[in-house]
Amino acid sequence: MEKTQILEMIRMVRDEHLDIRTITMGISLLDCVSDDPKIAAKNIYDKITSYAKHLVKTANDLENEYGIPITNKRISITPVSLVVGHAKSCEMLNYAKAIDRAGKEVGVDFVGGYSALVQKNLSHGDESLIDSLPEVLTETDILNSSVNIGSTKAGINLDAVARMGQTIKNIAAKDPMGNSKLVVFANSVEDNPFMAGAYHGVSEGDATINIGISGPGVVRRAIERLPKDASIDQVYETIKKTAYKITRLGQFIGSEAAKRLNRSFGIVDLSLAPTPSRGDSVAEILETMGLEVVGTHGTTAALMMLNDAVKKGGVMASLRVGGLSGAFIPVSEDAGMIDSVESGVLNIDKLEAMTSVCSVGLDMIAIPGDTPATTIAAIIADEAAIGVQNNKTTAVRIIPVPDAKVGDVYPMGGLLGDAPIMQIHKEKSSVFIERGGFIPAPIHSFKN
């Protein structure tokens, strides 16, 4: 790197919250299967602790050598429902605790992959895993879960959607924070390094290093340095060039980590992931582009442009781009989003519209605890419909908070932030959800 590039990187880290948001090691568990659940759990523990034993040290070494913060060290694993065989739901906690314990042993922040892929139907392992979620997510600490209920090729499994609505309610009754570790997907991806939805897909290798970059503050400051009368074309090009610089950093750190760990390098996820810190907000980028407050008219257009510019800039800077790659809009994790919700400008309907043009979906949204399970399921179905129809990943991570009312704030702390309780529609969707069955795949999915 040239001297000017090094100085620019130092400024980005010091003043603009630039970091590598996560280095995630994906580990296949397909060779851990056993007819005996206790032996299988031990196999899983042994493989995770063997493969990932140097992950945290390697990340810390890179952080110290290059001065680039690596905020999280994580592990993703093969969807657990694929390796538990005929295990009963009451036996699933043994698997979950073995994974949780292994993650703690190697010192990572989170483990993802307590997951099921049920877009077409549920296997015995899928049912056992979903039934175990209220217990597992409230009795483990760093384990994260995801359930994929739809895809563009398969359509939407409405029975699974209804089941997840009730599961989310059951988790909330035990501990609302459990739902911060659960995401319900349509079109989930196999190489996502971000939680809660990370898992190691069956087409991945035995072990892979994936990188999730960040840098909303860097993008915002780059736009701020433009002349006040800069055209939208200039704003677009500035975002694109900035995304290129950030992604080059992720490519370098990921390649170096993979080499030191003797693992294959997977992908760089280009997603702009905000934090609750001021100056590290996707909402603030949109407002710097010219919106008075995020959520007003023009927000969806601005977000579409931001998402596209990030992808186009980043894809030129990395050998492999993957994961979710775009702009995240998790309400509780973004200071600007919180401000807009609390001011009454940003509501769940506008958020849903925004998810049609950005990464993932309705993320880290807190709602009143008395919300019916069928209403939660209907919110999931709406979000899945956007993903299935538009051939993109969408998701819901929603947190019903018992005894909370609209306007209250549910404090979660750390990178999860504080979630304002949001208003949802009171009108019922129960008859629609209780019909069950499948919403067929859209006609344009038949491409053979």
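Values in this text are rule-based calculations from the coordinates and carry no lab data. What you see is a predicted model, and the numbers here were worked out from it, not measured in a lab. Neighbour counts are summed over all protein chains in view; Cβ atoms, including those assigned to glycine, are modelled from backbone coordinates with ideal geometry.
Sorted from largest down, what three extents in whole angstroms do the Cα atoms of region 1-442 have along their principal axes?
Taking the Cα atoms of region 1-442, the three principal extents are 62, 54, 39 Å.
Using Cβ contacts closer than 10 Å as the measure, can you line up S132, S264, S115 from fewest to most? Can you show the working numbers first?
Values: S132 25, S264 13, S115 29.
Least crowded to most crowded, the residues run S264, S132, S115.
Where both residues lie in the chain, what percent of DSSP beta bridges are antiparallel, nearest 5? Could the numbers behind the result be given before it?
Details: 17 of 51 bridges.
The antiparallel fraction comes to roughly 35 percent.
Given contacts defined as C-alpha pairs under 8 Å and at least six residues apart, what's the relative contact order of region 144-262, whole-number percent?
Values: 104 pairs, mean separation 26.1, N = 119.
Once normalised by length, the contact order is 22 percent.
Quick check on region 131-197: take the gyration tensor over C-alpha atoms, sort the square-rooted eigenvalues as a ≥ b ≥ c, and tell me if it's rounded (a/c under 1.5), prolate or oblate. All intermediate terms of the calculation are to be shown ahead of the outcome.
Numbers: a/c = 2.97, a/b = 1.36, b/c = 2.19.
Oblate.
Among I223, A381, V33, pick out the residue whose Cα is farthest towards the positive end of the charge dipole of region 1-442, where Lys and Arg carry +1 and Asp and Glu carry -1 on C-beta, about the Cα centre.
Of the listed residues, the answer is V33.
Order 211-222, 374-385, 319-330 from most to least packed using the mean count of other Cβ atoms within 10 Å.
Values: 211-222: 26.4, 374-385: 24.8, 319-330: 22.2.
Result, highest mean Cβ count within 10 Å first: 211-222, 374-385, 319-330.
Cβ neighbours within 10 Å, averaged per peptide: list 135-143, 394-402 in order, most packed at the top.
Numbers: 135-143: 20.2, 394-402: 24.7.
Going by the mean number of other Cβ atoms within 10 Å, highest first, we get 394-402, 135-143.
With no solvent and one point per C-alpha, what does the Debye sum give as log10 I(q)/I(0) for region 125-267 at q = 0.10, 0.11, 0.12, 0.14 Å⁻¹?
-0.55, -0.64, -0.74, -0.89
Got the relative contact order for the chain handy, in percent, Cα pairs under 8 Å and 6 or more residues apart? If you can, show how the numbers build up before the last one.
Numbers: 1062 pairs, mean separation 77.1, N = 448.
This gives 17 percent for the chain.
What is the local net charge at S76, summed over the other residues whose Cβ is closer than 11 Å to its Cβ (Lys, Arg +1; Asp, Glu -1)? Write down the numbers at each step before the final one.
Working: positive: R74; negative: E190, D191, E204.
It works out to a net charge of -2.
Between the DSSP loop rule and a limit of at most 16 other Cβ atoms within 10 Å, which chymotrypsin sites (Phe, Trp or Tyr not before Pro) in region 408-448 are left? Walk me through the intermediate numbers first.
Values: sites: F432, F438, F446; in loops: F446.
Sites meeting the loop and neighbour criteria: F446.
To the nearest 500 deg cm²/dmol, what mean residue ellipticity at 222 nm is calculated for the chain from DSSP H runs of n ≥ 4 alone, each contributing -39,500 (n - 2.57), summed and divided by the residues? Intermediate results must be reported in sequence, preceding the final value.
Details: 14 runs with 190 residues, N = 448.
Rounded to the nearest 500, the figure is -13500 deg cm²/dmol.
List the pairs from K120/K392; K47/K104; K53/K73; K97/K120 whose alpha-carbon separation is above 19 Å, in the order I gave them. Each step should come with its number before you reach the end.
On the way: K120/K392 17 Å; K47/K104 14 Å; K53/K73 12 Å; K97/K120 28 Å.
With Cα atoms farther than 19 Å apart: K97/K120.
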